Amino acid sequence: MLAGIDHLVDLALNVTELILLSLQLVWMSQLADITRKILNLISIGSTLHLKVIVVFNQSPDLLF
């Protein structure tokens, strides 16, 4: 009888561990997605920044 209860408790703990592990994996994938989006925004921002600098550097030439 006690052996059956031990197996049931072990099974419950294993299911709980699997649920917690899956929640951590989902959280980590969301974190990786956020990190990728931030890096993408930084690269786009730096490109736009360079374009703005070029426009400001060339604007006096365009006026004259």
**Prompt:** Which value results when the Cα radius of gyration for the chain is divided by 2.2 N^0.38 Å?
**Reply:** 2.60
**Asked** In degrees, nearest 10, range 0 to 90: what is the angle between the Cα axis of helix 2-63 and the longest Cα principal axis of the chain?
**Response** 0
**Prompt:** Taking 0.36 nm per intervening residue step and subtracting the Cα-Cα distance, what contour gain separates VAL54 from LEU21 on full extension?
**Reply:** 6.9 nm
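Throughout, read-outs are computed from the coordinates displayed, never taken from laboratory work. Small disclaimer: the values here were computed from a predicted structure and weren't measured.
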